[in-house]
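To keep things clear, I will list the structure first and then write my remarks on it.
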Amino acid sequence: MTATLLQEAQAAAKADNLAKAEHLYREILSKSAGNNEKAIAEQETALYELGALYRDHRKIKELGELIHTSRTVMSGLAKSKVAKIIRALIDLFSTVPDTIDTQITVTKDCIAWAVSERRNFLRQSLETRLVSLYIERGAYFDALNIINTLLKELKRLDDKMVLVEVQLFESRVYHALRNIPKSRAALTSARTSANAIYCPTLMQASLDMQSGILHAEDKDYKTAFSYFVEALEGYSSQEDSRAVSVLKYMLLCKIMLNLTEDVHSLLTGKMAQKYAGRDIEAMKAVAAAHSNRSLKDFEEALEIYKTELSSDPIIRSHFSALYDTLLEQNLVRVIEPFSSVEISHVAEIVGLDTRQVEGKLSQMILDKVFYGVLDQGNGWLIVFDEPRQDATYDAALETIRHMTAVVDLLYEKASKLN
């Protein structure tokens, strides 16, 4: 009987008859399966398919209610099975945009139920999921509170697989909070835990990706690139969407290393063609602007591909440094022929606001990129020749150091004679 209802529901879903399909699926779930394994399997299928139907039709509220009511259906199942089903139903939200708040509410509700039922494995699994949702939402301190509690429990239970995942989340949270030393320490712990177990491909790729991100923070783009290569292979083999982000980071490393010719070879490769799209086109435009040392082209690329370049915080932070570098290069090139020049003239050539150019020139003088002074009264920049360092002072200091060493040695020998 249940099998017939399931077939009818599947046919109705295919025919896009939502009301009929929903009614039939609900009817299957309302029946008691008892210990009949076939009936239990059919109810499980009905749960998944009804959840997928709600997802496809963007019925978020109904999907949340289904997860809530499904607990009654699953009451007789093994705890590990229940954990798998609830996680799968919550994961259905992930493809629907703007549902983070709903996912957090539903996950919290499921955690409260798992606590009341004393299902610790399910609670830990759901709390790990909640951490990832908090990170996606940007609620980093809420994520840290759960991470700290979970780490204590997982270390005591020696559950290495979940421990690696949580430690990786900890590294990502600290990185987002700009606490790089703690982020690096958490990643080291995650790698140590991962070495003790078989690490799935996606998890290993995530570890490599985070390693690359942290090396890029230290401006070690060469090492970061090698980690991103490993991460791309892992994500690509599993057809994971994060492969596009990793490819962007690889191109970023080449741009930051001033190896724009390598960007072209990467873009013509098989992997880049597989993930071709606006994201890759955006990086190509930035590489071209950097190669031409054109601030104008760089700003145009940032404007045209605003979504692709500004939505990723890692790309955004490195591009702000790249913008500063390009601006410095442009300003040095402009002022090079002059000993004295009007700031407004420099601003006109580089195509920026006078106040912005004045601030940048002031910073460059303080950083000793070039030597000069700003005459703000007249609006001039006076450029000096680079001062020559007199070697006499260094030689005198070196002689004094040697004399000090000789006197100390003589003193030691005199002390021994006495």
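Take L309 and decide whether it is open to solvent by less than 40 Å² (accessible area, probe 1.4 Å), in a helix (DSSP H, G or I) and either of a type in the set (K, R) or out of contact with any strand residue (DSSP E or B) (no Cβ under 9 Å at 6 or more places or on another chain) (or both). Walk me through how you get there before you give the answer.
Details: open to solvent by less than 40 Å² (accessible area, probe 1.4 Å): yes; in a helix (DSSP H, G or I): yes; either of a type in the set (K, R) or out of contact with any strand residue (DSSP E or B) (no Cβ under 9 Å at 6 or more places or on another chain) (or both): yes.
Answer is yes for this residue.
Among the residues of the stretch 133-144, not a single one is open to solvent by less than 20 Å² (accessible area, probe 1.4 Å) and more than 17 Å from the chain's Cα centre (by Cα). Evaluated against (1) open to solvent by less than 60 Å² (accessible area, probe 1.4 Å); (2) more than 12 Å from the chain's Cα centre (by Cα), H175 falls short on exactly one condition, (2). Among the residues of the stretch 189-205, those that are open to solvent by 20 Å² or more (accessible area, probe 1.4 Å) and under 17 Å from the mean Cα position of the chain (by Cα) comprise L202, M203, Q204. Inclusion of E398 among residues that are open to solvent by 60 Å² or more (accessible area, probe 1.4 Å) and among the charged types (D, E, K, R) is warranted.
Of all the criteria given as (1) open to solvent by less than 60 Å² (accessible area, probe 1.4 Å); (2) on the phi > 0 side of the Ramachandran plot, the one not satisfied by R118 is (1). Taking first residues from the stretch 2-30 that are in contact (Cβ under 8 Å) with a residue 24 or more places away in the chain and open to solvent by 70 Å² or more (accessible area, probe 1.4 Å) and partners that are in a helix (DSSP H, G or I) and not basic (K, R), the Cβ contacts under 8 Å between residues at least 6 apart in sequence or on separate chains come to R26/L50. Within this structure, R87 fails the test of being charged (D, E, K, R), under 24 Å from V131 (Cβ atoms) and open to solvent by less than 30 Å² (accessible area, probe 1.4 Å). Identify all residues within the stretch 178-188 that are more than 15 Å from L144 (Cβ to Cβ) and surrounded by fewer than 22 Cβ atoms within 10 Å (Cβ to Cβ); write none if there are none. Once the filter is applied, which keeps residues that are more than 15 Å from L144 (Cβ to Cβ) and surrounded by fewer than 22 Cβ atoms within 10 Å (Cβ to Cβ), the stretch 178-188 yields I180, P181, R184, T188. Kindly provide the set of residues from the stretch 313-331 that are open to solvent by 20 Å² or more (accessible area, probe 1.4 Å) and within 18 Å of the chain's Cα centre (by Cα), ordered by number. Passing the criteria: P313, I314, R316, S317, S320, A321. For C253, state whether it is out of contact with any His (no Cβ under 6 Å at 6 or more places or on another chain), open to solvent by less than 40 Å² (accessible area, probe 1.4 Å) and not in a helix (DSSP H, G or I). So C253 fails the test. Among the criteria (1) at pLDDT below 90; (2) within 21 Å of Y305 (Cβ to Cβ); (3) under 20 Å from the mean Cα position of the chain (by Cα); (4) open to solvent by less than 80 Å² (accessible area, probe 1.4 Å), the one S241 does not fulfil is (4). Of all residues assigned to the stretch 267-278, none qualifies as being out of contact with any strand residue (DSSP E or B) (no Cβ under 6 Å at 6 or more places or on another chain), modelled with pLDDT of 80 or more, open to solvent by less than 70 Å² (accessible area, probe 1.4 Å) and not in a loop (DSSP other than H, G, I, E, B). Taken residue by residue, the stretch 374-381 has no member that is touching a residue at least 24 places away in the same chain (Cβ under 8 Å), under 38 Å from the mean Cα position of the chain (by Cα) and either part of a helix (DSSP H, G or I) or surrounded by 12 or more Cβ atoms within 10 Å (Cβ to Cβ) (or both).
Which of the residues that make up the stretch 152-172 are among the aliphatic types (A, V, I, L, M) and either buried (at least 18 other Cβ atoms within 10 Å of the Cβ) or within 20 Å of the chain's Cα centre (by Cα) (or both)? Answer for the stretch 152-172, where residues must be among the aliphatic types (A, V, I, L, M) and either buried (at least 18 other Cβ atoms within 10 Å of the Cβ) or within 20 Å of the chain's Cα centre (by Cα) (or both): L154, V162, L163, V164, V166, L168. For the stretch 332-341, which residues satisfy the criterion of being part of a helix (DSSP H, G or I) and either open to solvent by 50 Å² or more (accessible area, probe 1.4 Å) or of a type in the set (F, W, Y) (or both)? Answer for the stretch 332-341, where residues must be part of a helix (DSSP H, G or I) and either open to solvent by 50 Å² or more (accessible area, probe 1.4 Å) or of a type in the set (F, W, Y) (or both): V332, R333. Only residues that are under 18 Å from R87 (Cβ atoms) and open to solvent by 20 Å² or more (accessible area, probe 1.4 Å) were counted across the stretch 46-64, and they come to 5. Here is the figure for the stretch 32-64: residues that are of a type in the set (V, I, T) and either over 18 Å from A12 (Cα atoms) or touching a His at 6+ places or on another chain (Cβ under 8 Å) (or both) total 2.
Residue count for the stretch 345-372 under the criterion of being touching a helix residue (DSSP H, G or I) at 6+ places or on another chain (Cβ under 7 Å) and exposed (fewer than 13 other Cβ atoms within 10 Å of the Cβ): the result is 2. Filtered by the rule that a residue be in a helix (DSSP H, G or I), over 19 Å from the mean Cα position of the chain (by Cα) and loosely packed, with under 15 Cβ neighbours inside 10 Å, the stretch 282-306 gives K296, E300, E303, I304.
The values are calculated or read from the model by the stated rules, or taken from the named source; none is laboratory data. These numbers were taken from a predicted model, which means no experiment stands behind them. Note that each Cβ is placed from the backbone with ideal geometry, even for glycine, and that neighbours are counted across all protein chains shown. The area values use the complete protein model at the heavy-atom level, side chains included, leaving out ligands, DNA and RNA. Shrake-Rupley method; radii C 1.70, N 1.55, O 1.52, S 1.80 Å.
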